[in-house]
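Quick notes on the structure that follows.
Bear in mind these aren't lab numbers, they're just calculated from the coordinates by the rules spelled out. What you see is a predicted model; the values in this text were computed from it and never measured. Neighbour counts are summed over all protein chains in view; Cβ atoms, including those assigned to glycine, are modelled from backbone coordinates with ideal geometry.
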Amino acid sequence: MKTDTETSTPLQPDAPVMEKEMNRDPADVLSTAAGCEAEAPMVRFAGVTKCYGALTVLDRLDLEIARNEKVAIIGPSGSGKSTLLRVLMTLDPLTGGTIEVDGEPLTHMRKNGELVPASVRHLRRVRSKIGMVFQSFNLFPHMTALANTIEAPMRVHDLSRKEATDRARELLSLVGLEDKCDHYPSQLSGGQQQRVAIARALAMRPKVMLFDEVTSALDPELCGEVLNVIRRLGSEHNLTMLMVTHQMGFAREFADRVCFFSEGKILEQGTPQEFFAAPQHQRTQQFLRAVREAI
Amino acid sequence: MNSFFDLHYAAHILPALLRASLYTVLITMVGFAIALVLGLVLAILRRSHLKPLSRGVGFVVEFIRSTPLLIQVYVLFYVLPVYGITMSALTAGTVGIALHYACYTSEVYRAGLNGVARGQWEAACALSLSPWRTYSGVILPQAIRAVIPALGNYLVAMFKDTPVLSAITVVELMQQAKNIGSETFRYLEPITMAGLFFLLISVTFAQLVRRLEFRLRLP
């Protein structure tokens, strides 16, 4: 446990203050011309629409996320929260609009000055800047914790087995599982499995981490160990994080910004202090009241 | 010759029947190896996003599964030479039975592939694994583990279908027993022994499959 000394670091919300993007002129949504690359947001959704058949899940959504910003996404089920992460991870194709990651178009690429749909190679390259942790863990059941963690670095980044293993052991000890390297997922608790999943995603050195209701499948008792790991990642590492969560307490304490989704749009967003103390919209107030009553 | 089961006669024909058994086992193993690989290829092609490809493969699989093996080996051995494709009886028989069972194993694989949770594909995608590695490293190890018993079933079924090849002059175990019987007009011993060999070998195959299943079981 070499990282033991560094635990309880107080959280420093050091992300730059975001400009209010809410009242942006809708006309400039499509002007995706790159500005200064260094100041480009880590993730930019521009006019993103996602439909499943006749159902519109994301409705011309605009959202910018700064480097190292921690954004909590909350809202009722079916409001498009998880879909936002899924289209960013390219698990689902977009119906319309564009996404940029780290100044590069994700689902499109620039060719002779025009945006064309991305090739499989381009998609894989840009996608590897993003890591994702799922509600249902999705560890590979036929691989040990260590094998799960070294798989992608060896196969995608061409690391040698030794390099990959050294780094995987570091990551597994970062999530407090250095003694579980040789355990199969079925031999681990839900919380432990989810921590392996976090280590596995981190092994690809992503710049953006997506957490999709990562504690929803866990006993309340096991939630804490996963949230502690996320807390430490946030305070000790340069990671941009987007998390869909129902843990309002965690969102309030951890996030730099809270976005409230309703019917495929961001209805309201702000710092956790503003957002939880004085929600503006009636729908938001109603949602927060319902969540509080449920506890 | 008047005893119910003539042991001397049985001992006399034993070597010929053993040779035929070995021959039959070899046909089965070669045929099944082809069926295992080809069936997997067919199953993956059938999942292709290219509609003409997946439909074409689906049609071929259904066609072969829905026609008798006997007709297929007849076509391979007696009809294809008319079009200039000539194979020995052994080759035609092995290819025929392998093709036939590849279509059955492809359906087994398809069930196995469908049984792998969607989250596994998504996790592989989120880790940027290539399509090849997604299949070989993540999906197939899970899909195949789940269908080993069903594949084992088809191994035994295929072995018991080898007598069909006697129709195209392949002298497998059953044909050998019949030949011996027609030489001496005593069918009891050769047919009984052939049946016993089929039983013993089928049980052995089933045991081997069960052992493989046990060895690959996940903790």
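When only the Cβ of Lys, Arg, Asp and Glu is charged (+1, +1, -1, -1), the dipole of segment A:140-205 relative to its Cα centre reaches about 120 debye. Couplings 3J(HN,Hα) of segment A:181-198, computed from phi: 3, 9, 8, 7, x, 5, 9, 10, 6, x, x, 5, 4, 5, 5, 4, 4, 5 Hz, in residue order, whole Hz [Karplus 6.51 cos²θ - 1.76 cosθ + 1.60, θ = phi - 60°; x for Gly and Pro]. Taking a ≥ b ≥ c as the square roots of the eigenvalues of the Cα gyration tensor of chain A, is the shape rounded (a/c under 1.5), prolate (a/b larger than b/c) or oblate? The shape class here is oblate.
Label-to-label distance, residue A:263 versus residue B:18, with points set 7 angstrom from Cα along the beta-carbon direction: 8.3 nm. A Förster radius of 51 Å, combined with the Cβ-Cβ distance separating residue B:29 from residue A:278, puts the computed FRET efficiency at roughly 0.10. Counts of other chain beta carbons within 10 angstrom of each beta carbon in peptide A:151-161 average 3. When each of the peptides A:148-157, B:133-142, A:193-202, B:9-18 is scored by how many other beta carbons lie within 10 Å of its residues on average, the order from highest to lowest is A:193-202, A:148-157, B:133-142, B:9-18. Apply 1/(1 + (r/R0)^6) to the Cβ-Cβ distance of residue B:204 and residue A:221, taking R0 = 56 Å, and write down the FRET efficiency to the nearest 0.05. According to the calculation, E is roughly 0.65.
Which parts of segment B:152-180 would a label at residue B:78 reach, counting a residue when its backbone N lies under 14 Å from a point 7 Å out along Cα-to-Cβ? B:165-170, by backbone N distance to the label point. In the protein assembly as shown, the calculated helix contribution to ellipticity at 222 nm averages -16500 deg cm²/dmol per residue, counting -39,500 (n - 2.57) for every DSSP H run with n ≥ 4. Charging the Cβ of each Asp and Glu at -1 and of each Lys and Arg at +1, and nothing else, the dipole of the protein assembly as shown about its Cα centre rounds to 1160 debye. Apply the a/c threshold of 1.5 to the C-alpha gyration tensor of chain B and tell me whether it is rounded, prolate or oblate. Because a/c hits 1.5 or more and a/b fails to exceed b/c, chain B counts as oblate. In this calculation the C-beta distance from residue A:238 to residue A:119 is compared with R0 = 35 Å, giving a FRET efficiency of 0.75.
Look at A:42, A:243 and count the other Cβ atoms within 10 Å of each Cβ; fewest to most, that gives A:42, A:243. Shielding value for A:253-261 is 0, the average number of Cβ atoms from other chains within 10 Å of each residue's Cβ. Sorted ascending by nearby beta carbons within 10 Å, beginning with the fewest, A:62, A:212, A:179 become A:179, A:62, A:212. For a straight C-alpha distance cut-off of 27 angstrom, the lysines reachable from residue A:207 (same-chain residues fewer than eight places away being disregarded) are A:2, A:20, A:50, A:70, A:81, A:111, A:129, A:162, A:180, A:265. Using a simple charge model, +1 on the beta-carbon of Lys and Arg, -1 on the beta-carbon of Asp and Glu, nothing else, what dipole does segment B:11-215 show about its Cα centre, in debye to the nearest 20? Here segment B:11-215 has a charge dipole of around 560 debye. Legend: mean number of C-beta atoms from other chains within 10 angstrom of residue C-beta atoms, peptide A:133-144, equals 5.
Once you sort the root eigenvalues of the Cα gyration tensor of the protein assembly as shown as a ≥ b ≥ c, which label holds: rounded (a/c under 1.5), prolate (a/b larger than b/c) or oblate (the other case)? In terms of gyration-tensor shape, prolate.
Across segment A:141-151, coupling constants 3J(HN,Hα) worked out from phi with the 6.51/-1.76/1.60 Karplus curve, θ = phi - 60°, read x, 8, 10, 5, 3, 5, 4, 4, 7, 8, 3 Hz, and Gly and Pro carry x.
Residues whose amide H lies under 5 Å from that of residue A:132, counting only those 5 or more places away or on a different chain, are A:210; hydrogens are built 1.01 Å from N in the peptide plane. The chymotrypsin sites (Phe, Trp or Tyr not before Pro) of segment B:180-219 that meet both conditions, a loop assignment by DSSP and at most 16 other Cβ atoms within 10 Å of the site Cβ, are B:185, B:187. Contact order, relative form, for chain A: 23 percent (alpha carbon pairs under 8 Å, 6 or more residues apart, mean separation divided by residue count). Projecting the Cα atoms of B:101, A:55, B:114 onto the charge dipole of the protein assembly as shown, computed from C-beta unit charges around the Cα centre, puts B:101 farthest toward the positive end. Listing A:50, A:162, A:207 from fewest to most neighbouring C-beta atoms within 10 Å gives A:162, A:207, A:50.
Do any GluC sites (Glu not before Pro) in segment A:177-268 lie in a loop, going by DSSP, with at most 15 other beta-carbon atoms within 10 Å of their beta carbon, and if so which? Within segment A:177-268, the qualifying GluC sites (Glu not before Pro) (loop, at most 15 other Cβ atoms within 10 Å) are A:263.
With a cut-off of 17 Å on the backbone N, the residues of segment B:143-178 near the modelled label site 7 Å out from residue B:91 along Cα-Cβ are B:168-171. Hydrophobic long helices, here whole DSSP H runs in chain B with Kyte-Doolittle means of at least 0.5 and Cα atoms spread over 27 Å or more along the helix axis, are found at B:7-46, B:140-161, B:188-215.
Projecting the Cα atoms of B:187, B:164, B:29 onto the charge dipole of segment B:11-215, computed from C-beta unit charges around the Cα centre, puts B:29 farthest toward the positive end. Each residue, residue B:186 and residue B:136, gets one label point 7 Å from its Cα in the Cβ direction; the gap between the two is 5.7 nm. Gain on full extension, evaluated as 0.36 nm per residue between residue B:5 and residue B:157 minus their Cα-Cα distance, stands at 51.8 nm.
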